[in-house]
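Below: one structure, written as structure tokens.
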Amino acid sequence: MTSRTKQMKESKQEAKKQQILSAAVELFAEHGFYKTTTAMIARAAGVTQPYIFHFFKTKEELYLAVLEHGFTEIGKAFQQVTAPSDTLYRMMGQAFAQLLEENRKVILLTMQAYTINEEAIRAFCKLHFEWIHQIVVRKFEEAGVENVCLAAATFIGRGLSMALSETLGLPALSPMQANVKQVGGE
């Protein structure tokens, strides 16, 4: 096999893998981890079920690949924000809101995955939420934000609240709404 033929084959396989991941995002978002089957994903991706297992040994491994993408996107979005301490919190919130608008399903899946009662998924989420927390802490430290640990925990909590608001279609829970209407009607 020539290097060009090998490269074309690898490119085609990568495209199929992306089709599988895209179908998985849609179905996991619609049906959840437990009700989504690899047969459903295969049908939606236009591949055979055994072909999925060529890339992912288990449904859980496929789900973790979806989450990896989501966590990576969140981390990149936060790492790219540069702002002084008085606007950093707001700018990072806007970066998350934009990411949520552009990649809604995968971001919501990622933000809620810790609720799945599978040890490997919980461990994965713990590791990646720690990574996100470290990014946020580092950003806040670099900007000179006061009480960095509290600010980072509050920021991540607002992100989780935003995901809950989006998932339930309950705008009143959104921190973005709280910025418009101050608590207590002040």
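Select from segment 71-91 the residues that are under 17 Å from H128 (Cβ atoms) and in contact with a Gly (Cβ under 9 Å, 6 or more places away or on another chain) and list them in ascending order.
I74
Return the only residue of F129, F155 being among the aromatic types (F, W, Y) and over 13 Å from R90 (Cα atoms).
From the options F129, F155, the qualifying one is F129.
Which of the residues belonging to segment 135-147 are farther than 11 Å from S85 by Cα and free of Cβ contacts under 8 Å to residues at least 12 places away in the same chain?
Scanning segment 135-147 gives R138, N147.
Please work out if L27 is within 30 Å of Q134 (Cα to Cα) and either of a type in the set (A, V, I, L, M, F, W, C) or assigned by TED's automatic domain parsing to the domain that holds V106 (or both).
Considered against the rule, which asks whether it is within 30 Å of Q134 (Cα to Cα) and either of a type in the set (A, V, I, L, M, F, W, C) or assigned by TED's automatic domain parsing to the domain that holds V106 (or both), L27 comes out as no.
Which residues, taken from segment 98-136, are farther than 24 Å from H31 by Cα and modelled with pLDDT under 95?
Q98
Determine whether F56 is without any contact (Cβ under 8 Å) to a residue 60 or more places away in the chain and under 28 Å from H133 (Cβ atoms).
Against the criterion (without any contact (Cβ under 8 Å) to a residue 60 or more places away in the chain and under 28 Å from H133 (Cβ atoms)), F56 qualifies.
Yes or no: K126 closer than 27 Å to A15 by Cβ and outside the structural domain of H31 (by TED's automatic domain parsing)? Full working, then the answer.
Working: closer than 27 Å to A15 by Cβ: no; outside the structural domain of H31 (by TED's automatic domain parsing): yes.
Criteria not met by K126.
The values are calculated or read from the model by the stated rules, or taken from the named source; none is laboratory data. Since we're looking at a predicted model, the values are computed, not measured. Note that each Cβ is placed from the backbone with ideal geometry, even for glycine, and that neighbours are counted across all protein chains shown.
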